[in-house]
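The values are calculated or read from the model by the stated rules, or taken from the named source; none is laboratory data. What you are looking at is a predicted structure, and each value in this text was computed from that prediction instead of being measured. Cβ sites come from the backbone with ideal geometry, for glycine too, and all protein chains shown count toward neighbours. Calculation scope for accessible area: heavy atoms of the full protein, side chains included, ligands and nucleic acids excluded. Shrake-Rupley method; radii C 1.70, N 1.55, O 1.52, S 1.80 Å.
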Amino acid sequence: MVKIAVLVSGRGSNLQAIIYSIEAKKLNASIAIVISDVQNALALNIAGKHGIKTLFVDPNKFKTRDHFDKNIIEILENDQVSLICLAGFMRILSKTFVQQFKNRIINIHPSLLPSFPGLNVQKKALDSGVKFSGCTVHFLDEGVDTGPIISQAVVPVLDGDTVESLSERILKEEHRIYSVAIQAFIEQRFVCEGKKVIWKNEKKS
């Protein structure tokens with residue numbers, strides 16, 4: 001069984017979805033540790049209720065981002081994790097971190113990348129007038145939401161949508177495709193070639 005780590009900063013809805021998938025035997029993995037850079041993150045409570053090891057790492061105790069990241073690297077290596085999943089983790093990871101776990105860090109982003117990277121993406125989508133938005137699972141690289149795309153799900157943008165209603169519709173798809181992508185990684189159903197993820201003649205979601 002593949003050991004994964006989940007890095008979080010907030011409420012943990014994608015973490016909860018991953019846990020549900022594991023408990024439903026849809027995901028052949030175990031969560032070795034959940035790490036947060038926010039002490040009172042609700043995600044830590046969710047993990048704790050399921051008996052998963054949790055750890056708060058205070059970024060203010062480190063002189064630089066690299067020092068913080070090297071501490072996290074040591075923790076992950078000690079736990080021998082094979083895959084790192086970002087689930088609402090709000091820190092930009094350093095080049096050192098990304099290179100240490102190259103093509104073993106994945107993230108879920110609430111837009112159809114490369115459109116609308118960064119923050120406040122649902123507002124950006126509404127302000128731009130796009131008719132469709134969605135979410136993207138991608139590998140992490142040294143940029144901000146620029147890594148190779150693993151899979152995407154599309155949702156319509158409705159005329160009466162607010163940031164909240166669009167976010168809720170996208171979040172349902174996030175919960176669905178993230179676990180599918182994690183299981184596909186575990187089963188080696190795709191390969192990363194440069195900036196592209198090549199699936200082995202299979203559906204992506």
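Just want the answer: with Cβ charges of +1 for Lys and Arg and -1 for Asp and Glu, which residue in Ala87, Val130, Ile198 is farthest toward the dipole's positive end in the chain?
Towards the positive end, the residue furthest out is Ile198.
What whole-number value in Å² describes the accessible area per residue of region 125-192 for a 1.4 Å probe?
45
Quick one: accessible surface of Asp66, probe radius 1.4 Å, all protein chains present, in square angstrom to the nearest 10.
The accessible area of Asp66 comes to roughly 60 Å².
Go through Lys102/Lys200; Lys53/Lys102; Lys102/Lys123; Lys95/Lys172; Lys3/Lys200 and tell me which ones have a Cα-Cα distance over 27 Å in this structure.
Lys102/Lys123; Lys95/Lys172
Net charge near Val34, counting Lys/Arg +1 and Asp/Glu -1 over other residues with Cβ under 14 Å of its Cβ?
Its environment carries a net charge of +2.
Aspartates and glutamates near Lys131 by alpha-carbon distance under 18 Å, same-chain residues fewer than 8 away left out - which ones?
Counting by Cα, and skipping residues close in sequence, Lys131 has these aspartates and glutamates nearby: Asp159, Asp161, Glu164, Glu168, Glu173.
Which residue fluctuates the most in the chain, going by a Gaussian network model with Cα springs under 10 Å, if the choices are Lys26, Lys49, Lys102?
Lys49
Please turn the phi angles of region 58-75 into ³J(HN,Hα) values with the Karplus equation 6.51 cos²θ - 1.76 cosθ + 1.60 (θ = phi - 60°), one per residue in order, whole Hz, x for glycine and proline.
3J(HN,Hα) across region 58-75, in whole Hz: 7, x, 6, 8, 10, 5, 9, 4, 4, 5, 4, 5, 5, 5, 5, 4, 4, 4.
Starting from 0.36 nm per residue, how many nanometres of slack lie between Val191 and Ile73 once their C-alpha separation is accounted for?
Here the segment from Val191 to Ile73 would lengthen by 40.1 nm.
Thr54's amide H: which non-local residues (gap 5+, or another chain) put their own amide H closer than 5 Å, with H modeled 1.01 Å from N in plane and none for Pro or chain starts?
Sorted by chain and number, the residues that satisfy this are Val34.
In the Gaussian network model of the chain, springs joining C-alpha atoms below 10 Å, which of Cys85, Cys192, Cys135 carries the largest mean-square fluctuation?
Cys192
Tally up the carbon and sulfur contribution to the accessible surface of the chain as a whole percent, 1.4 Å probe, everything protein left in place.
That share works out to 50 percent.
Enumerate the amide H contacts of Ile150 below 5 Å, restricted to partners 5 or more residues apart or on another chain; note that Pro and chain-start residues carry no placed amide H.
Excluding prolines and chain starts, which carry no amide H, the hits are Val137, His138, Phe139.
Residue by residue through region 157-169, what is 3J(HN,Hα) from phi via Karplus (6.51 cos²θ - 1.76 cosθ + 1.60, θ = phi - 60°)? Round to whole Hz and write x for glycine and proline.
9, 8, 4, x, 5, 10, 4, 5, 5, 5, 4, 5, 5
Taking every pair of distinct Cα atoms and averaging 1/r, then inverting, what Kirkwood hydrodynamic radius in Å comes out for region 8-101?
Computed over region 8-101, the radius equals 13.8 Å.
How large is log10 of I(q)/I(0) for the chain at q = 0.09, 0.13, 0.16 Å⁻¹ when the intensity is taken from the Debye formula with one equal scatterer per alpha-carbon?
Debye curve over Cα of the chain, log10 I(q)/I(0) at q = 0.09, 0.13, 0.16 Å⁻¹: -0.33, -0.70, -1.08.
I'm checking a number: the convex hull volume of the Cα atoms of region 1-51, normalised per residue, in Å³. What is it?
62
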